[in-house]
Amino acid sequence: MYSQKVMEHFMNPRNVGSLDEANGVGEVGNAVCGDIMHIEIEVEDNIIQDIKFKTFGCAAAIATSSMVTEMVKGKTLEEAERITNRTVAEALDGLPPIKMHCSNLAADALHEAIKDYMARQEKS
């Protein structure tokens, strides 16, 4: 049902936790399945220096959260904004159709964290 990459990221998720210096936070959820994703980013000079997540959800939700953090660490905000549910699923060698919404949540949480970062910069 799940690819080897999905299982690897589920069993050994990368970048779990919180950031002391987070300057962007995104949180999204799906009321139907109950998954909640919380992503924190630390941005310096337009580059995502660090990223952490906390996810309450199924194996696919945890795996997609982990994969998103791996995909964007060290990338510019513009590169990170181009991450989509499809690119997350492809990076994990696919997801079952019934679990594709999980990749939406991971990408959406990332985009919300970037949006929060941008809003904080405008206030400074």
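Among the residues of the stretch 1-20, those that are among the polar types (S, T, N, Q) and loosely packed, with under 14 Cβ neighbours inside 10 Å comprise GLN4, ASN12, SER18.
What pairs come out if I take residues in the stretch 94-110 that are at negative phi and assigned to a loop (DSSP other than H, G, I, E, B) and pair them with residues that are of a type in the set (Ser, Thr, Tyr) and buried (at least 24 other Cβ atoms within 10 Å of the Cβ) whose C-beta lies under 7 Å away, six or more apart or interchain? Filtered contacts from the stretch 94-110: LEU95/SER103. Within the stretch 15-41, being under 11 Å from the mean Cα position of the chain (by Cα) and charged (D, E, K, R) holds for GLU27, GLU40.
Being surrounded by 20 or more Cβ atoms within 10 Å (Cβ to Cβ) and assigned to a strand (DSSP E or B) is a property that holds for VAL43. Summed over the stretch 21-31, the residues that are touching a residue at least 12 places away in the same chain (Cβ under 8 Å) and either surrounded by fewer than 17 Cβ atoms within 10 Å (Cβ to Cβ) or not hydrophobic (A, V, I, L, M, F, W, C) (or both) give a count of 7.
Scan the stretch 47-92 for residues that are surrounded by fewer than 16 Cβ atoms within 10 Å (Cβ to Cβ) and of a type in the set (S, T, N, Q) and the total you get is 4.
When the criteria are applied in full, GLY74 fails the requirement of being at positive phi and either at pLDDT below 95 or assigned to a helix (DSSP H, G or I) (or both). Checked against (1) under 20 Å from GLU8 (Cα atoms); (2) assigned to a helix (DSSP H, G or I); (3) not charged (D, E, K, R), MET118 passes all but condition (1).
For beta carbons closer than 6 Å, sequence separation of 6+ or different chains, a first residue in the stretch 35-53 that is closer than 8 Å to ALA22 by Cα and a second that is acidic (Asp, Glu) and in a strand (DSSP E or B), the qualifying pairs are GLU42/ASP50.
Only one of the listed residues (VAL32, VAL25) is part of a loop (DSSP other than H, G, I, E, B) and of a type in the set (Val, Ile, Thr). That residue is VAL32.
For the stretch 47-58, the criterion of being under 21 Å from ASN12 (Cα atoms), part of a strand (DSSP E or B), of a type in the set (Lys, Arg) and within 13 Å of the chain's Cα centre (by Cα) is satisfied by at least one residue.
The values are calculated or read from the model by the stated rules, or taken from the named source; none is laboratory data. The structure displayed is predicted, hence computed values, not measured ones. Methodologically, a virtual Cβ is constructed for each residue, glycine included, from the backbone with ideal geometry; neighbour enumeration extends over all protein chains shown.
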